[in-house]
1. Determine the distance separating the Cα centre of the range 38-74 from the Cα centre of the range 88-115; give it in Å without decimals.
2. Under 17 Å from a point placed 7 Å out from the Cα of Ala5 along the Cα-to-Cβ direction: which residues of the range 17-35 have their backbone N that close?
3. Please give, to one decimal in nm, the separation of the simple spin-label points placed at Ser115 and Gln81, each 7 Å out from Cα toward the Cβ.
4. Mind telling me which of Ala74, Ala91, Ala63 comes out most flexible in a GNM of the chain, alpha-carbon contacts under 10 Å?
5. Considering only Cys95, Gly30, Leu80, whose Cα is most displaced toward the positive end of the charge dipole of the chain, charges sitting on Cβ of Lys, Arg (+1) and Asp, Glu (-1)?
6. Which ³J(HN,Hα) values in Hz, rounded to whole numbers, follow from the phi angles of the range 84-98 under the Karplus curve 6.51 cos²θ - 1.76 cosθ + 1.60, where θ = phi - 60° and Gly and Pro get x?
7. From the backbone phi of the range 69-80, what are the Karplus-calculated ³J(HN,Hα) couplings (6.51 cos²θ - 1.76 cosθ + 1.60, θ = phi - 60°) in whole Hz, Gly and Pro given as x?
8. In the Gaussian network model of the chain, springs joining C-alpha atoms below 10 Å, which of Gly26, Gly15, Gly42 carries the largest mean-square fluctuation?
Amino acid sequence: QVQVAESGGGLVQPGGSLRLSCAASGVIYGFDDMGWYRQAPGKQRELVASITRGGTPTYADSAKGRFVISRDNAKSTVTLQMNSLTPEDTAVYYCHARHESGVTWGQGTRVTVSS
């Protein structure tokens with residue numbers, strides 16, 4: 001059974017930083033694309049950043065220059081370092097992991113940016 005679990009959300013002041021981590025398990029040959037989506041209240045889920053098995057990242061325009069995504073294939077983990085956070089980054093952040101049977105999502109971790 002494929003499992004994806006996020007950690008690292010919380011409350012942070014504007015201008016602060018947070019690091020989100022995601023651990024995936026349950027496949028023999030590892031994961032293809034892994035990454036992060038977010039969903040703010042009243043809005044659709046949107047891509048934040050993703051990274052291929054080979055390490056090529058893709059960022060939403062809102063994340064460019066502020067967020068950095070990285071992964072460890074040996075551990076099947078993906079990390080999102082978020083800097084210069086603003087209240088507009090407030091959302092539930094979901095990790096996703098693509099594998100040979102499809103895509104598995106985590107339960108989400110809440111990020112709140114507020115003073």
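1. Taking the Cα centre of each part, the range 38-74 and the range 88-115 sit 10 Å apart.
2. Within reach of a label on Ala5, which here means backbone N under 17 Å from a point 7 Å along Cα→Cβ, the range 17-35 contributes 20-27.
3. Result for the modelled spin labels: 2.7 nm.
4. So, out of Ala74, Ala91, Ala63, the one fluctuating most is Ala74.
5. Toward the positive end, the furthest listed residue is Leu80.
6. Once θ is set to phi - 60°, the couplings for the range 84-98 become 6, 5, 10, x, 5, 7, 5, 4, 8, 9, 10, 8, 10, 9, 8 Hz.
7. My calculation for the range 69-80 gives 9, 8, 8, 10, 5, 5, 9, 6, 10, 9, 10, 10 Hz in order.
8. Its mean-square fluctuation being the largest, the pick is Gly42.
The values are calculated or read from the model by the stated rules, or taken from the named source; none is laboratory data. Note that the structure is predicted; figures quoted are calculated from it, not measured. A quick note on method: Cβ atoms are made from the backbone with ideal geometry, for glycine too, and the neighbour counts reach across all protein chains shown. Just the protein is used for accessible areas: all its heavy atoms, side chains included, with ligands, DNA and RNA removed. Shrake-Rupley method; radii C 1.70, N 1.55, O 1.52, S 1.80 Å.
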